[in-house]
Amino acid sequence: MVAEEGSEDLRTEAGAPMLERITQLVNDAIASDAALDVAPLSKEDVLEAIDWGNSEGGSNGRHWVLDPIDGTRGFVRGDQYAIALGLLDNGKVVAGVLGCPNLPMGSIANGIPANSSEPVGCLFVASLGAGTTVEPLDGSGEPKRVHVSDVEDTAIATFCESYESAHTMQDLTANIAGTLGVKAPPVRIDSQAKYGAMARGDAVIYLRFPHFGYREKIWDHAAGAIVITEAGGEVFDAAGEPLDFSRGRWLDLDTGIIATNKELKPVVLSAVQKCVKDLKIPAKH
């Protein structure tokens, strides 16, 4: 397993109260599920379980890729976050699950309304060759197939990006949107919930351009990427290449991450490359 979190901080004296609390929550969860025949876990059991995620990944064998809370700032704000789990087979993503507890089942194309009667909580599931489905996170409904937007006119397209300006160069994404003639304001939400929203057509374009020096991690994109591609979309970097998850824990790619439908890929890629060149951003960063 390749996972974001490790046990280092929990093994310190300062981390002891947090470890106590986590162990209690884990055992409460075990006790609440009658289907589980598992003895309570010790603190050391919990630490060892967390450290199962220390694999380096790579191009050989199968690896689960886990981000237990993707979008930490959104989680803290009570806003959007996701539990993201992907499966790599010899470096290729073959399955992905996104749990988005605060994402409405209805479209957020016009933003997330402050007050809505729409059910909240989505579960997106995708596997290679089988498409992408969404269902209520509480299990109250059946899975439904989803597909990315088929909009081919950028003037009526919507785009989404990170909520936090620290996570993406919003000036650059605004330039790209302007070059494309996008008129709608961006839909800004945290986490891979963006991938789920795009997979069902809430937005047509996703733009992510981290600040110079940032290295993308595979757990931030593995599940979301297959959720979009199995919904008929494309996820690629500024060279037009698909994301490569075979190199280990990091995505070393050309500039940024873009997603859209197959029809718009050429025009979006052209706009991205023009704006990146104008700003003289290094190709690899």
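The values are calculated or read from the model by the stated rules, or taken from the named source; none is laboratory data. None of the values given here were measured: they were computed from a predicted structure. Glycine also receives a Cβ, built like all others from the backbone with ideal geometry; neighbour counts cover every protein chain displayed. For the accessible areas, the whole protein counts, side chains as well, though only heavy atoms, and no ligand, DNA or RNA atoms are used. Shrake-Rupley method; radii C 1.70, N 1.55, O 1.52, S 1.80 Å.
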*Kindly identify segment 152-285 as rounded, prolate or oblate by the Cα gyration tensor criterion: order the square roots of the eigenvalues as a ≥ b ≥ c, call it rounded if a/c is under 1.5, otherwise compare a/b with b/c, prolate if a/b is larger, else oblate.*
rounded
*Tabulate in residue order the Karplus-calculated ³J(HN,Hα) for segment 193-203, using 6.51 cos²θ - 1.76 cosθ + 1.60 with θ = phi - 60°, rounded to whole Hz; enter x for Gly and Pro.*
4, 4, 5, x, 4, 5, 4, 9, x, 5, 9
*Approximate spin-label separation residue 29-residue 262, in nm, with each point projected 7 Å along Cα-to-Cβ*: 3.8 nm
*Just the Cα atoms of segment 3-139: what Rg and Dmax do they give in Å?*
17.6, 48
*Can you give the percent of C-alpha pairs in the chain whose distance is more than 36 Å?*
16 percent
*How much net charge surrounds residue 58 when only other residues with a Cβ under 15 Å from its Cβ are counted (Lys, Arg +1; Asp, Glu -1)?*
+1
*Sequence-distant residues sharing a close amide H with residue 2 (under 5 Å, placed H)*: 64, 65, 66
*Net charge near residue 226, counting Lys/Arg +1 and Asp/Glu -1 over other residues with Cβ under 15 Å of its Cβ?*
-2
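Rank these by accessible area, largest first, 1.4 Å probe: 135, 161. Provide the component values of the computation, followed by the final result.
Working: 135 40, 161 0 Å².
Sorted by accessible area, descending: 135, 161.
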*Round to the nearest 0.05 the FRET efficiency obtained for residue 56 and residue 120 when R0 = 41 Å and r is the Cβ-Cβ distance.*
0.65
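Does segment 67-216 classify as rounded, prolate or oblate by the C-alpha gyration tensor (a ≥ b ≥ c root eigenvalues; a/c under 1.5 gives rounded; else a/b over b/c gives prolate, otherwise oblate)? Please list the in-between numbers first.
Values: a/c = 1.36, a/b = 1.24, b/c = 1.09.
Taking the square roots of the gyration eigenvalues as a ≥ b ≥ c, segment 67-216 is rounded.
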*Go through segment 48-62 residue by residue and turn each phi into a ³J(HN,Hα) via Karplus (6.51, -1.76, 1.60, θ = phi - 60°); whole Hz please, and just put x for glycine and proline.*
5, 5, 4, 6, 4, x, 8, 4, 8, x, x, 9, 10, x, 9
*Which value, in Å² and to the nearest 10, is the accessible area of residue 93 when all protein chains are kept and the probe is 1.4 Å?*
20 Å²
*Please turn the phi angles of segment 147-163 into ³J(HN,Hα) values with the Karplus equation 6.51 cos²θ - 1.76 cosθ + 1.60 (θ = phi - 60°), one per residue in order, whole Hz, x for glycine and proline.*
9, 4, 4, 9, 4, 10, 10, 5, 5, 10, 7, 10, 10, 10, 7, 5, 5
*Which sequence of 36, 88 reflects their accessible areas, 1.4 Å probe, from the largest down?*
36, 88
*Cut-off under 5 Å, modelled amide H: who pairs with residue 158 long-range*: 204, 205
_For Cα pairs less than 8 Å apart in space and 6+ apart in sequence, what is the mean separation divided by the residue count of the chain, i.e. the relative contact order in percent?_
18 percent
*Among the aspartates and glutamates, which have Cα under 16 Å from the Cα of residue 277 when same-chain residues fewer than 8 positions away are ignored?*
171, 237, 254
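Rank these residues by their accessible area, most exposed first, probe 1.4 Å: 220, 153.
Details: 220 25, 153 75 Å².
The ranking, largest first, comes out as 153, 220.
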*asked:* Greater than 24 Å separation of Cα atoms is the criterion. Which listed pairs, 144/265; 92/265; 43/92, meet it?
replied: 144/265; 43/92
*Rounded accessible area of residue 215 (nearest 10 Å², 1.4 Å probe)*: 100 Å²
*Roll a 1.4 angstrom probe over the protein heavy atoms and tell me the percent of accessible area of the chain that is carbon or sulfur.*
53 percent
